[in-house]
Structures are given as structure tokens and as C-alpha cells.
Amino acid sequence: MTYQPGQRVALVHTSDPHTPLRPGDTGTVRRHDQQQNIVEVTWDSGSALSMCLDAGDRMQLVTTTPQPTGELVDKATGWATALRRMRAAGADAGRTAAECWAQDAIGARGGGDTRLAARRVLAGINDGDPAVLDALPRFTLAGDSVDIAGWELFADATGDTTGWFGLRIAQRDEAMAVYRDAFTAAAVDRVADLCHLAASPTGRDVSHLHPDRVRVGDVGVFSGEWALTVGPDGSDRLEVGFVGTLIDHWNGWAVFSCSRAVAEAVVADQQRRRDQCRVSLRDAGVPEDELDSRVDAALADVSFDGDVIVADHRAVSGDPDAIERIVPDGDARYVVMGRNWCWEAVDPYACDRIIGDPPDTNQA
């Protein structure tokens, strides 16, 4: 850049080992020799040291009227304000770092199974796993000395370009600790938010539907042990979960109501499992004329008859009268096998698919 006579500047760095100038000292530009890239400065301390910019000397324009050193931080209210601004700046930097981290770890550049990667990070955060936490964005000084880095951060956050060098050592340490802690907390929180999105079967954050938070009258995701499968990392997974409203409990299990679309998906899923059972029995050598009875004995036959669900579990229960007709309520909602199957509210992030439209956080 070009410096103009009369501009106020603050020293950032000089390689001159003999000068008494220190980072943060201020002065006034006399002349800028652009051919040699040397800036002549009259420093407030009385020094006339010129800045050789091509040799690594660095300074910064002072765009506001400089305050006497330490004026901002000599008062308790001023110091509290400075710390709040350092905390806010650290949090902003932490969130930005998390966004960059996500691009490589769970984003388009990450490659591999990003949902699996996101689930692992979330589990590590929840468990406090050092191996995961240590791999998240961390605040570093990027090679600058503490004084130079601290001055730059403090000046950017507070707008006070000279106050840093009026601080006591304990105050500098406190300011840096506040910035660092805010950076770390914001980075971890933002990483968790981004992982919730990446790990979600719906592409949205559904952490508010965690089973521990589902009470009667609340929306949740429901499934059962029949849907258990093994994930690519060997963890227990659920092939599918269904969105519904918890309306009751039966023998410790969940009873929920759902929309027609979800009810149709539950019925279709049951038919799919019956088809899978038939194939397995046939492969095991069961004669064709026995397949129907064997499938019926293993899994109830559930189907739609108009707007009514017919659940035939006579063979399963051994009761010749065990045919249930499930009609929708006045809001066109169904309770599918609510007191016959062992439904339970489940973690939506444990599901490979979710059927239904989960509400947003502010609607749950």
C-alpha cells in the first residue's frame, strides 16, 4: 500500500534489534519512498526509525483517534467491555474455522461415507473422546509472537490499537484465554451442528427428536427391534424409523399415531419383511405349499382395505379371532399395531431412513 504524509501508524514488527520501539508504538508518516519501499516516520516516542517494508518491517494504519495507552482498560467497565468483545471475536473465528473443517471432514471434499464420519464425530463429542476433540479446529497463533498476535486480535476486537501494550501481563493472559475459550466452544458447537446435518437421514437437524425428549403429545421417531441391522462400522443401526406423535404407553412400549402416508409405509415395510421371510424359507427348503402358513405364523399380514388397515395376526397369536381393523381418527391419523408390536421412540440418527416429515426445532 501507499502511505501518505500525516497518516497515523502503529508499529507491528521491526527486525531492527537496537530500536527501543515496541509493537503498538504509534507515529506519523513523513514520507513514503515508493521506489525503495521505505516509509519515514516520526514516532511519538521521539524515534525517527524508518520502516523498510521489503525487509519485513510491518505497521498498521491507525484509523481512529488514538487513546492514551491503557485508557480503555484502566476502568473496570472498559475492561469488561473489552473482554466481551474478545469473547465475541473468538466465537466468530471458531465458527468460521468449523465451517472450513467441515468442508474437508464431512463435506463435499471429504469423500467416503460422510454420514458415518459425522456420526463418529458426534459420538466422540458426546463421549468427550480426546481423539475426536483433538482433531477439531483449535486456536493457534500462526507463528506470530504472543505480543504481536495478541495486539492484532485485541485491536481487531475492540478497535483500540494501543491499549494492548498498556495491559498488565495478567490482563493479556486473561484476554487471550477468553478469546481461546470462546473459539473452542463455538468451534465444537458449530461442528456438532454441521455433523447433525450431515448425519441426518433427512438432511436436516433432527436432534430435537431424541427419544429422551419425547413425552406423550410430542412428535418422535419410532421403530422396533425387527428393524435392527448392522452398520458399516459394526454399530447397531435401524433400517427405518417412522415419524409420529406419542399418545400412550403399553406395557412399557410406545403407542403413536401417524399420518396416512406413514401408515402406508409401515404396511409396505411389513409386506417387504414378509416377502423376505418367504424367500428365506424357500431357500431353506420349505415346500411351496407350506410357505404361506409359515410366513403367516412368523409375521402378521397387514394391508389396506380402502381407508381401513386390516391386521391379520391369527396365525401369529394362535387366536382364530385375532383380526384387527384399524380405522383413522377424526384427524385421519392411524395407530398401526400400537398395542401389538413393541414400538419404541428411537434416536433418529440411528436410522438409515426416516419415513414422515419431522418438524423443525421450533415446531417440535
* **Qualifying positions in region 323-349 - among the small types (Gly, Ala, Ser) and at pLDDT below 90** => GLY338
* Taking interchain pairs and intrachain pairs at least six residues apart, which have beta carbon atoms under 6 angstrom, with the first residue in region 256-278 and touching a residue at least 40 places away in the same chain (Cβ under 8 Å) and the second open to solvent by 20 Å² or more (accessible area, probe 1.4 Å) and basic (Lys, Arg)? -> SER257/ARG333
* Asked: So which residues in region 292-317 are of a type in the set (Val, Ile, Thr) and closer than 20 Å to GLU264 by Cα?
  -> VAL302, VAL308, ILE309, VAL310
* Asked: Applying the selection to region 208-230, what residues are open to solvent by less than 10 Å² (accessible area, probe 1.4 Å) and outside any strand (DSSP E or B)?
  -> LEU209, GLY224, ALA227
* Please list, ordered by first then second residue, the pairs with beta carbon atoms under 6 Å, 6 or more apart or interchain, first in region 305-333 and over 23 Å from ARG294 (Cβ atoms), second among the polar types (S, T, N, Q) and open to solvent by less than 90 Å² (accessible area, probe 1.4 Å). => ARG333/SER257
* Asked: For region 271-303, how many residues meet the condition of being closer than 18 Å to TRP226 by Cβ, among the small types (Gly, Ala, Ser) and open to solvent by 60 Å² or more (accessible area, probe 1.4 Å)?
  -> 1
* Asked: Counting only residues that are out of contact with any Pro (no Cβ under 7 Å at 6 or more places or on another chain) and either under 18 Å from HIS210 (Cβ atoms) or not charged (D, E, K, R) (or both), how many does region 311-347 have?
  -> 23
* From THR162, THR184, THR158, which residue is out of contact with any helix residue (DSSP H, G or I) (no Cβ under 7 Å at 6 or more places or on another chain) and in contact (Cβ under 8 Å) with a residue 12 or more places away in the chain? -> THR162
* **Output for region 6-65, where each listed residue is farther than 25 Å from ARG172 by Cα, among the polar types (S, T, N, Q), free of Cβ contacts under 8 Å to residues at least 40 places away in the same chain and open to solvent by less than 70 Å² (accessible area, probe 1.4 Å)** => THR28, ASN37, THR42, SER47, SER50
* Return the residue satisfying two criteria in turn: it lies in region 231-242 and is in contact with a Leu (Cβ under 8 Å, 6 or more places away or on another chain), assigned to a strand (DSSP E or B) and not basic (Lys, Arg), and of such residues it is least open to solvent (accessible area, probe 1.4 Å). => LEU238
* To do: Could you tell me which numbered condition GLU71 fails, if it satisfies all but one of (1) more than 44 Å from the chain's Cα centre (by Cα); (2) surrounded by 11 or more Cβ atoms within 10 Å (Cβ to Cβ); (3) modelled with pLDDT under 85?
  => (1)
* Mind listing just one residue for me: the one in region 256-311 that is out of contact with any Ser or Thr (no Cβ under 6 Å at 6 or more places or on another chain) and polar (S, T, N, Q) and, of those, nearest to ARG325 (Cα to Cα)? => SER303
* Keeping to region 304-344, report how many residues are open to solvent by less than 50 Å² (accessible area, probe 1.4 Å) and among the hydroxyl-bearing types (Ser, Thr, Tyr). => 1
* Would you mind finding the one in ILE125, ILE106 that is modelled with pLDDT under 85 and surrounded by 17 or more Cβ atoms within 10 Å (Cβ to Cβ)? => ILE106
* Asked: If ARG215 passes every condition in (1) under 30 Å from the mean Cα position of the chain (by Cα); (2) closer than 16 Å to CYS342 by Cβ; (3) without any contact (Cβ under 8 Å) to a residue 40 or more places away in the chain but one, which one does it miss?
  -> (2)
* Asked: Any idea which of ASP160, ASP233 is more than 21 Å from PRO358 (Cβ to Cβ) and over 24 Å from the mean Cα position of the chain (by Cα)?
  -> ASP160
* Asked: Would you call ARG204 at pLDDT 90 or above and either touching a Gly at 6+ places or on another chain (Cβ under 9 Å) or open to solvent by 50 Å² or more (accessible area, probe 1.4 Å) (or both)?
  -> no
* **Residue within region 258-270 that is assigned to a strand (DSSP E or B), within 42 Å of the chain's Cα centre (by Cα), of a type outside the set (Lys, Arg) and under 30 Å from ARG119 (Cβ atoms) present** => yes
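The values are calculated or read from the model by the stated rules, or taken from the named source; none is laboratory data. Worth saying up front: this structure is predicted, and the values here are computed from it rather than measured. Glycine also receives a Cβ, built like all others from the backbone with ideal geometry; neighbour counts cover every protein chain displayed. The protein model used for the area step is the full one, side chains on, heavy atoms only, and it has no ligands, DNA or RNA in it. Shrake-Rupley method; radii C 1.70, N 1.55, O 1.52, S 1.80 Å.
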